[in-house]
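Colleague: If you scroll down you'll find the structure; I have some questions about it.
What follows draws every value from the coordinates through simple rules; no lab data is involved. Here the structure is a predicted model, which is why all the values come from computation and not from measurement. Neighbour counts run over all protein chains shown; Cβ positions are idealised from the backbone, glycine included.
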């Protein structure tokens with residue numbers, strides 16, 4: 001499967017969909033940001049810069065200060081694929097984020113989402 005198109009998508013173009021998905025289910029933008037911070041190590045200012053600069057997913061994850069060491073605890077199915085079995089590291093990171101946003105929208109507790 002050619003993932004180039006997904007990798008070149010601007011994070012900023014998908015970000016509003018993450019916000020809408022969370023808010024539609026009664027969750028907050030702040031909770032979404034907590035998840036993104038936990039996963040990538042971005043702080044609020046650096047996350048805002050990534051969005052404003054319209055970086056693509058490849059750059060977004062390449063520039064991430066540090067991926068959380070507990071990402072291996074993120075398991076389950078997203079878009080028909082088990083996240084723990086995705087071979088391409090970048091696609092796996094993208095799907096980790098998708099999985100966490102899904103869990104937020106499904107009403108899971110933040111402690112569970114953040115693998116505490």
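Colleague: So how far apart, in nm, are the two label points at residue 45 and residue 106 if each is 7 Å from Cα heading toward Cβ?
Modeller: Between residue 45 and residue 106, the label points sit 3.6 nm apart.
Colleague: Let me have the 222 nm mean residue ellipticity of the chain computed from DSSP H runs of 4+ only, each contributing -39500 (n - 2.57), with the sum over all residues rounded to the nearest 500. Mind showing how you got there, number by number?
Modeller: Numbers: 7 runs with 66 residues, N = 116.
My calculation for the chain gives -16500 deg cm²/dmol from helical runs alone.
Colleague: Something else now. Of the residues 65, 89, 16, which exhibits the maximal mean-square fluctuation in a Gaussian network model of the chain defined by a 10 Å Cα contact cut-off?
Modeller: Between 65, 89, 16, it is 89 that shows the largest mean-square fluctuation.
Colleague: Can you tell me which of 43, 102, 88 moves the most in a GNM of the chain? Springs connect C-alpha atoms under 10 Å apart.
Modeller: Between 43, 102, 88, it is 88 that shows the largest mean-square fluctuation.
Colleague: Just want the ordering: 36, 94, 86, from fewest to most Cβ atoms lying within 10 Å of their own Cβ. Numbers along the way, then the final one.
Modeller: Numbers: 36 22, 94 25, 86 18.
Result, fewest neighbours first: 86, 36, 94.
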